[in-house]
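Here the structure comes first, spelled out in structure tokens, and everything after it is commentary.
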Amino acid sequence: MYALAWKAGGTTAESEEILEVSAGSLCYKLRRMTSPSLDDAARSAPHPPLLAIENATVFRGDTRVFDRFSLEIPAGRNTAILGPNGAGKTTLLQLVTRDLYPVWAPDARVRLFGEERWNLFELRRRLGIVSQELHLRHQRDVSALDVVLSGHYASIGIWRREPPGRERLEHARAILERMGVAHLEHRLFTAMSAGEQRRCLLGRALIHDPPALLLDEPTVSLDLRAAFELVTILRELAREGRTLLLVTHHLDEIPPEIGWVILLKRGRVVAEGDRDAMLADEPLSDLFDVPLRVVRSDGFCRAVPR
């Protein structure tokens, strides 16, 4: 007869297998410690959160932006972080990109995909980033093709690098094609419209085919046509299973595929939840300190005064 009893032990589990062997009037009990297979453990282990911040205190200069700030975004959840200017959105972005670090404390943590320490080149393979700061840094004489290729090196342009191989060139051109800017392959970044520039930067973020994208107000400064075109691409990426983490203060650039919204104000998460509950008159009036009404159309939202 076999009896199996699981014993929890830290992050693993052990089992004690008891084998009773009868021989005449004698009964022997044999014990053997076993462990579940690695495959079983992998199947049962939950995916770590895309982002987990615990008790982070962060300063920008002499200003304390976050005071023991905590936030968790599960893997695979398309999320928008919405807040007015001064809410802490830029500081949050810089925590994620490792441009800022919290004040040391024994219980302070910033984890991406479950890890606190990252090789930045490896992180770019997991998380593609399109930010306003990155856009400003690219105001140089770099071609569209080189902008996309530079994602391999986390650099601005590819000067003094070895010539990219045929496979990388073909991949970069395929990305430009998907972004709708293949005809701009040799055009300089500074000679493009803002919408064309933003699509090149999105292509750069996709060079490693990352499972998630971090987007900092992706349609800011774009005209309506360019904004609609970019949002259409983002919707397609979300439908393919890529996770979107969008940071903004513009309601109308939050696509319907983003189903979870976090409201950030004065360095605190004041509310979070389903988009229909968060993108509503009262929560947003409180968030922006102005009476407003939310108008919905085809899954999109915009705010108007009331």
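The values are calculated or read from the model by the stated rules, or taken from the named source; none is laboratory data. Keep in mind the model is a prediction, meaning the values are calculated, not measured. All Cβ positions, even for glycine, are placed from backbone atoms using ideal geometry, and neighbour counts span all protein chains on display. Side chains included, ligands, DNA and RNA excluded: accessible areas come from the protein's heavy atoms. Shrake-Rupley method; radii C 1.70, N 1.55, O 1.52, S 1.80 Å.
Say R0 is 35 Å: what FRET efficiency, to the nearest 0.05, do GLU72 and ARG306 get from their beta-carbon distance?
Step by step, r from the Cβ atoms, then E = 0.55.
What number comes out for the charge environment of TRP118, summing +1 per Lys or Arg and -1 per Asp or Glu over other residues with Cβ under 9 Å away?
Cβ neighbours under 9 Å give a net charge of 0.
Kindly state, to the nearest 0.05, the FRET efficiency for ASP99 paired with THR232, given R0 = 30 Å and r defined as their beta-carbon distance.
FRET efficiency, ASP99 to THR232: 0.50.
Which whole-number percent gives the relative contact order of region 151-238, counting Cα pairs below 8 Å spaced six or more residues apart?
So the answer I get is 30 percent.
Say each of PHE121 and SER285 gets a label point 7 Å from the Cα, pointing the same way as Cα to Cβ; how far apart are those two points in nm?
Those two pseudo-labels are separated by 5.4 nm.
LEU71: net charge of surrounding residues, Cβ under 9 Å, Lys/Arg +1, Asp/Glu -1, itself excluded?
Around LEU71, the surrounding residues sum to -3.
For ALA174 and HIS186 in one chain, what is 0.36 nm times their gap in residues minus the Cα-Cα distance, to one decimal in nm?
2.9 nm
Report, to the nearest whole %, how much of the accessible area of region 236-294 belongs to carbon and sulfur atoms, 1.4 Å probe, protein only.
Carbon plus sulfur share of accessible area: 48 percent.
Leaving out ligands and nucleic acids, note down the accessible area per residue over region 53-155 with a 1.4 angstrom probe, in whole Å².
On a per-residue basis, region 53-155 sits at 49 Å².
For ALA271 paired with THR63, estimate the spin-label separation in nm (one decimal), with each label point 7 Å from Cα along the Cα-to-Cβ line.
2.5
What's the extension gain from TYR153 to GLU133 if we count 0.36 nm per residue and subtract their Cα-Cα distance?
That pair, TYR153 and GLU133, stretches by 5.5 nm at full extension.
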